[in-house]
Amino acid sequence: MINKYKKIVIKIGSSSIINESNKKIKTSWLNSICKDIAFLHRTKKIIVVCSGAIALGSKIINNKKFLQRLEDKQAAAAIGQIELANHWQQTLKKNKINSAQILLTLNDSEVRRHYLNVRKTINALHKKNIIPIINENDTVATEEIRYGDNDRLASRVAQMIDADLLILLSDVDGLYTDNPLKNKKAKKIQNIYNIDSNIEKMASKNYSLIGSGGMETKILAAKICMNAGCSTIITNSDKKNPLKNINKNNSTLFHANKSPKSNRKQWILNHLHPSGSIILDTGAIRAIKNNKSLLPAGVTEIKGRFNRGDVISIVNNQNKKFGIGVIAYSSSDAKKIIGKNSKEIKRILGYEGRDELIHKDDLVKINS
Ligand code: GLU
């Protein structure tokens with residue numbers, strides 16, 4: 001099923017690689033997946049996003065209790081990450097493959113300069129046939145600046161480097177119509193072409209998954225990827241040769257959108273934490289729907305604090321989001337010019353700014 005793809009991000013959850021009872025690496029599973037990776041590596045570019053640092057480190061911090069405090073989790077990650085990376089390095093080395101470690105925070109995909117740097121680093125590693133092993137930089141990522149789960153991190157990485165496939169290895173075979181543990185009649189879906197509210201509802205019922213992600217974050221990850229022209233497979237990691245043996249019976253395939261947006265528009269669209277929002281009147285909403293730029297005249301309210309160049313949400317007065325874009329003014333300047341004609345900007349702010357609050361090249365519509 002994965003033969004036709006060329007650049008593959010493989011996301012491995014903690015429950016796949018760490019033994020729940022003794023918090024140790026499942027070495028025979030790691031050996032087996034590294035053999036699959038070695039096979040794929042001959043003809044494809046591979047990126048691994050692997051969780052497990054916190055679980056591994058927790059046996060040294062406190063083996064008995066589930067870690068509650070953020071600083072304990074961060075300390076556990078600092079301990080566990082070195083062990084995790086070491087295992088990957090050694091096991092890939094046995095297969096004659098070099099690896100590299102990359103630790104990312106949310107900022108690295110939200111700030112355009114960081115985003116481009118990560119892209120360049122991964123491309124440089126691939127040119128040398130080195131496999132990047134990625135995790136969230138848990139020791140510096142506090143609550144408000146976290147991805148929180150590696151499903152979203154993996155989807156942002158896939159989008160960042162123009163991957164054509166994301167594989168989410170999990171503890172279920174795919175998305176079911178209902179919770180498979182509770183409803184015997186629940187059926188696994190093989191192919192998904194569009195994530196609508198029906199699919200999202202199903203995902204919220206599949207709550208039996210272990211780990212921080214769960215089915216809902218997997219669907220969100222698949223959505224980010226589909227928009228970026230990258231397909232996503234959800235499959236069970238608990239099989240021999242977990243990649244080689246993926247087939248339509250043990251997976252769900254989310255098909256990539258055929259006409260993906262430009263890389264810059266994807267970067268805007270897939271922002272996980274917009275810095276604020278602006279509320280529009282109906283005339284401005286119509287203009288946006290007709291692919292026009294957003295002028296200050298059609299804005300009725302500004303929410304949140306943001307700087308010029310930040311990504312913000314565009315909503316109507318019922319808080320329904322129908323766009324996202326890069327704003328040309330800070331929130332304090334924007335507040336002064338909303339409802340005004342663009343010709344008045346210089347007089348009000350004392351400098352000549354852009355006529356548009358958000359230029360149409362910096363704006364992505366959300367169909368809802
Ligand atoms: N970064 C976390 C870890 O390595 C895992 C987050 C997740 O599994 O979603 O433990």
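Readers should treat all values here as calculations from the given coordinates under stated rules, not as data from a laboratory. Since the structure is predicted, the reported quantities are computational estimates derived from the model, not experimental observations. So basically every Cβ, Gly included, is an ideal-geometry build from the backbone, and we count neighbours across all protein chains shown.
Would you mind ranking K240, K303 so that the residue whose beta carbon has the fewest other beta carbons within 10 Å leads the list?
On the way: K240 10, K303 14.
Fewest to most other Cβ atoms nearby, the residues stand as K240, K303.
In whole Å, largest first, what are the principal axis extents of the Cα atoms in segment 1-68?
Each principal axis gives a Cα extent; for segment 1-68 these are 45, 23, 17 Å.
Please report the relative contact order for the chain, taking Cα pairs under 8 Å with a sequence separation of at least 6, and give it as a percent rounded to a whole number.
So the answer I get is 14 percent.
Which lysines does K343 reach when only Cα atoms under 20 Å apart count, and residues fewer than 8 places away in its own chain are ignored?
Output for K343: K292, K335, K360.
How many nm separate the modelled label positions at I348 and R264, each set 7 Å beyond the Cα in the direction of the Cβ?
2.6
What Kirkwood Rh does segment 265-368 have if only Cα atoms enter the pairwise 1/r average? Answer in Å.
After inverting the pairwise mean of 1/r, the radius is 13.3 Å.
Counting every Cα pair in segment 111-155, what percent are over 17 Å apart?
Cα-Cα pairs in segment 111-155 separated by more than 17 Å: 45 percent.
Give the distance, in whole Å, between the Cα centre of segment 244-308 and the Cα centre of segment 1-42.
Here the answer is 32 Å between Cα centres.
For segment 1-145, what does the alpha-carbon gyration tensor say about shape, rounded, prolate or oblate, given a ≥ b ≥ c as the root eigenvalues, a/c under 1.5 as rounded, and a/b over b/c as prolate?
In terms of gyration-tensor shape, oblate.
How large is Rg over Rh for segment 41-88, taking Rg from the Cα atoms and Rh as the Kirkwood inverse mean of 1/r across Cα pairs?
1.16
Can you give me the distance in nm between label points at D178 and I366, each placed 7 Å from the Cα along the Cα-to-Cβ direction?
That separation, rounded to one decimal, is 3.1 nm.
Might you list the cysteines of the chain that have no disulfide-compatible partner by the rule of another cysteine's Cβ under 4.7 Å?
C34, C50
In which sequence would L56, L220 go, from the one with the fewest C-beta neighbours within 10 Å to the one with the most?
Sorted ascending by nearby Cβ count, the order is L220, L56.
When 1/r is averaged over all different Cα pairs and the result inverted, which Kirkwood radius in Å belongs to the chain? Walk me through the numbers on the way to the answer.
Values: mean 1/r = 0.0456 Å⁻¹.
By the Kirkwood definition, the hydrodynamic radius is 21.9 Å.
What length, rounded to one decimal in nm, is gained on full extension from N19 through to N191, with 0.36 nm per residue of separation minus their alpha-carbon distance? Please list the in-between numbers first.
On the way: separation 172, 0.36 × 172 = 61.92 nm, distance 3.09 nm.
Value of the extension gain: 58.8 nm.
Just A85, A124, A228 to compare: in a GNM of the chain, with alpha carbon springs under 10 Å, which one fluctuates most?
Sorting by GNM fluctuation, first place goes to A124.
Taking 7 Å along the Cα-to-C-beta vector as the label spot, tell me the K201-K96 distance in nanometres, rounded to one decimal.
It is 5.4 nm.
I need the P(r) histogram for segment 253-326: all alpha carbon pairs, bin width 10 Å from 0 out to the longest distance, whole percents.
The percentages, shortest bin first, are 18, 48, 27, 7, 0.
Tell me which GluC sites (Glu not before Pro) from segment 4-104 have a DSSP coil assignment and no more than 11 other beta carbons within 10 Å of their own.
On the way: sites: E20, E71, E83; in loops: E20.
Here the GluC sites (Glu not before Pro) that fit, given the DSSP loop and packing criteria, are E20.
Over all directions, how big on average is the projection of the convex hull of the alpha-carbon atoms in segment 182-326, in square nanometres?
Values: hull surface 46.4 nm².
For segment 182-326, the mean projected area of the Cα convex hull comes to 11.6 nm².
What is the order of C34, C230, fewest Cβ neighbours within 10 Å to most?
Exposure proxy ranking, most exposed first: C34, C230.
Once fully extended, how much extra length lies between K292 and F322, figured as 0.36 nm per residue of separation less the alpha-carbon to alpha-carbon distance?
Values: separation 30, 0.36 × 30 = 10.80 nm, distance 1.36 nm.
Result: 9.4 nm gained on full extension.
Can you classify segment 134-189 as rounded, prolate or oblate using the Cα gyration tensor, where a ≥ b ≥ c are the square roots of its eigenvalues, rounded means a/c under 1.5, and otherwise it's prolate if a/b beats b/c and oblate if not?
Oblate is the answer for segment 134-189, as a/c is 1.5 or above yet b/c matches or exceeds a/b.
Compute the length gained on full extension between N123 and E71: take 0.36 nm times their separation in residues and subtract their Cα-Cα distance, giving the result in nm to one decimal.
15.4 nm
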